[in-house]
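Only one structure is covered here, and it is reproduced in the block below.
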Amino acid sequence: MGLEEIVAESCINGHKADCAWTVSVHTFSDITNISPVVFLYLLKECYIHGTCKATRKFRALQQQVSQALCNSPEPGPATFIVRCLYVLPIFGVYSEGFSHLIISALRRHQKTTVNSADSTQAKEIAAYLFLDITGGFVDHDEKLMVKILEAFDVRLTDIEKAITQLKAQNEHRFDTAKTVIEQYIFAMIDSQSYMTAVSLLEHFSIRQSGESFLLKMIQNKEFKAAEKWATFMGKPMLCLLVQQFVDRNMLKSAYDTIKKNDLQQDFPDVYHKCKENLLKRLAEKACWDIAEAKTKGDKRLLEYLVYLAMEAGYSEKVDELCERYSLEGFFKTREPEAGFVHSRFLHLKELVVEDIIWVDEVDGLHKAICHIEGCKVVGIDCEWKPNYVKGCKMNKVSIMQIASDEMVFIFDLIKLAEDVPDVLDSCLTRILQSPGILKLGYNFQCDIKQLAHSYGELECFKHYEMLLDIQNVFKEPKGGLSGLAEKILGAGLNKTRRNSNWEQRPLSQNQLEYAALDAVVLLQIFHHVRSCSQPTHVSEGHDKIEWKSYIVSHMDNPKKSKKRPTIKKETESGANYH
């Protein structure tokens, strides 16, 4: 987006404003004879009168300034910009933003064109600018000053040269370059501007401050500055930093520093402890495949992962890991101690479900649909194999679970869609698009979107009738469906197998029970809320939940239609879901 486009978007009234824009466009196209003050004034006018958002204006002007620098401003692009930086403080509130803008524009320009004579002259002026900033004669903040030093590559010798020339002109307010810089750094430390101080120490390769400086930054919780300083100082300081992180129980920071600086051999126990904490967090999120990859074949970590799987009652994962990595000393297929899982989580047997029926052929499909069509309310859920590769498309929905009060049908969508797509389409249409069957789900939008993405050729996943998303009924759910089950039913769901391989055939019994439970518990929550005049989570003085008002009577797939779903509140004359 060029400056002309900004002009076109700007709604400017009055002849004077139009003239200003005309001059601005001409100025940016040819700045060979424009002074820094005029240039900056017109830059300000362009910014003020632009009507697009600030970020967009900044980027457009940055690009325009970069292009303008190609027009050979006198005496050169870098020198022109540093002279602009000298006068920018007179523009008040625009000074800081425009300083960053023109420096970034210069860097962009220098990627393609470098003039050594211009760069040398600009460096000399930038050294004087540094002295004037530290002396309080030019008002730029310390962060911008660091940026100026980096942009024009001003070194200790350049500042020393500037001081020598000033002394030759009877200007004796400076001692040596190093003294000036150190005094300024000490002032930054006293004002707790630690990152600026560290950046200056690193830029000028000053290594005088040591352990006490690092400890002071850590005490003031300036951890990024401390890490930057320790990295600059070298391995001994990095080791001290890691130990400080460990002493403060900041294990993730310790782990990141160890990994980034290849200190595993120096802190083997800390490294493994941090890795074990990472594995535990991943296991709690049921990200077992990621956790396994994070072990990188380390036997000690793999054994710890096996213990986590045993603790979670994930027996097939225990067997899988032991077999894959030849791990010995574990009781394979060992179930957790009695009461360990059952005392914390809901179990399918508690919910009086007669059977789980696997559906992967035509006869079973017809029988399942006939049963479901006789129901007033069903619970629906889907599962698919997770994909942890960034940028890759998600895997197809593998199974769909539809639960009635008596049984759960688990449809093998991958096989049915491949073998009998027309029959599957017709059968599921009779359920999903039936106005006489209330379909319960949790975070329905996610499942609907994934079904459409997986089986876009099937009409059954393009339109839905009578949906009730349990998530919408409860405004403040914590812990997802499991947290809601614990709140309403008194026990949560074991989500250990949530991210397991749902494309493997046959599914394990534990996988089948996990999938069935997700659909069944929706019915249990629904029956509980409907039957209670005052739900347990609603305090006295509040109205009971009117769940009927959350029923979506009609919904088209959001990928196919941008229309908002129709919301219908059921009345007494409407359907009776008993």
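The values are calculated or read from the model by the stated rules, or taken from the named source; none is laboratory data. Nothing here was measured: the structure is a model prediction, and the numbers come from that model. Virtual Cβ from ideal backbone geometry, glycine too; neighbours counted across all protein chains shown. The accessibility values were calculated without ligands, DNA or RNA, using every heavy atom of the protein model including side chains. Shrake-Rupley method; radii C 1.70, N 1.55, O 1.52, S 1.80 Å.
Does G339 meet the test of being open to solvent by less than 80 Å² (accessible area, probe 1.4 Å), at pLDDT below 75 and not acidic (D, E)?
In short, yes.
The rows are residues; the columns are (1) at negative phi; (2) basic (K, R); (3) at pLDDT 95 or above; (4) surrounded by 18 or more Cβ atoms within 10 Å (Cβ to Cβ).
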{"position": "S343", "(1), (2), (3), (4)": "yes, no, no, no"}
{"position": "H347", "(1), (2), (3), (4)": "yes, no, no, no"}
{"position": "L351", "(1), (2), (3), (4)": "yes, no, no, no"}
{"position": "D355", "(1), (2), (3), (4)": "yes, no, no, no"}
{"position": "D363", "(1), (2), (3), (4)": "yes, no, yes, no"}
{"position": "C382", "(1), (2), (3), (4)": "yes, no, yes, yes"}
{"position": "N387", "(1), (2), (3), (4)": "yes, no, no, no"}
{"position": "N395", "(1), (2), (3), (4)": "yes, no, no, no"}
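Residues in region 365-380 that are in contact with a Lys or Arg (Cβ under 8 Å, 6 or more places away or on another chain) and either open to solvent by 30 Å² or more (accessible area, probe 1.4 Å) or free of Cβ contacts under 8 Å to residues at least 60 places away in the same chain (or both): how many?
Number satisfying all stated conditions: 1.
For the list (1) more than 21 Å from L144 (Cβ to Cβ); (2) out of contact with any Ser or Thr (no Cβ under 9 Å at 6 or more places or on another chain); (3) open to solvent by 30 Å² or more (accessible area, probe 1.4 Å); (4) assigned to a helix (DSSP H, G or I), I need the number of the one condition that G92 fails.
All conditions pass for G92, except number (1).
Within region 191-275, which helices (runs of 4 or more DSSP H) (wholly inside it) include 1 or more residues that are in contact (Cβ under 8 Å) with a residue 24 or more places away in the chain and more than 27 Å from L131 (Cα to Cα)?
Qualifying helices (runs of 4 or more DSSP H): 211-219, 223-233, 235-247, 251-260.
Here's a check for you: in region 16-63, which residue that is closer than 22 Å to G76 by Cα and not in a helix (DSSP H, G or I) is modelled with the highest pLDDT?
S35
Would you check which residues across region 115-156 are surrounded by 19 or more Cβ atoms within 10 Å (Cβ to Cβ) and in contact with an Asp or Glu (Cβ under 6 Å, 6 or more places away or on another chain) and list them?
Matches in region 115-156: K123, A127.
Is there any pair with a first residue in region 21-45 that is open to solvent by less than 10 Å² (accessible area, probe 1.4 Å) and a second that is at pLDDT 65 or above and part of a loop (DSSP other than H, G, I, E, B) whose Cβ atoms are under 9 Å apart and which are 6 or more apart or on different chains, and what are they?
Pairs that qualify, where the first residue is open to solvent by less than 10 Å² (accessible area, probe 1.4 Å) and the partner is at pLDDT 65 or above and part of a loop (DSSP other than H, G, I, E, B), are T27/I34; I31/S72; I31/P73; I31/E74; F39/I31; F39/P73.
With the checklist (1) part of a helix (DSSP H, G or I); (2) in contact (Cβ under 8 Å) with a residue 60 or more places away in the chain in hand, flag the one item A286 doesn't pass.
(1)
Could you say whether any residue in region 130-145 is under 28 Å from T176 (Cα atoms) and out of contact with any helix residue (DSSP H, G or I) (no Cβ under 9 Å at 6 or more places or on another chain)?
Yes, region 130-145 has at least one match.
Could we say that K235 is under 19 Å from L201 (Cα atoms) and either open to solvent by 60 Å² or more (accessible area, probe 1.4 Å) or touching a Cys at 6+ places or on another chain (Cβ under 9 Å) (or both) here?
Considered against the rule, which asks whether it is under 19 Å from L201 (Cα atoms) and either open to solvent by 60 Å² or more (accessible area, probe 1.4 Å) or touching a Cys at 6+ places or on another chain (Cβ under 9 Å) (or both), K235 comes out as yes.
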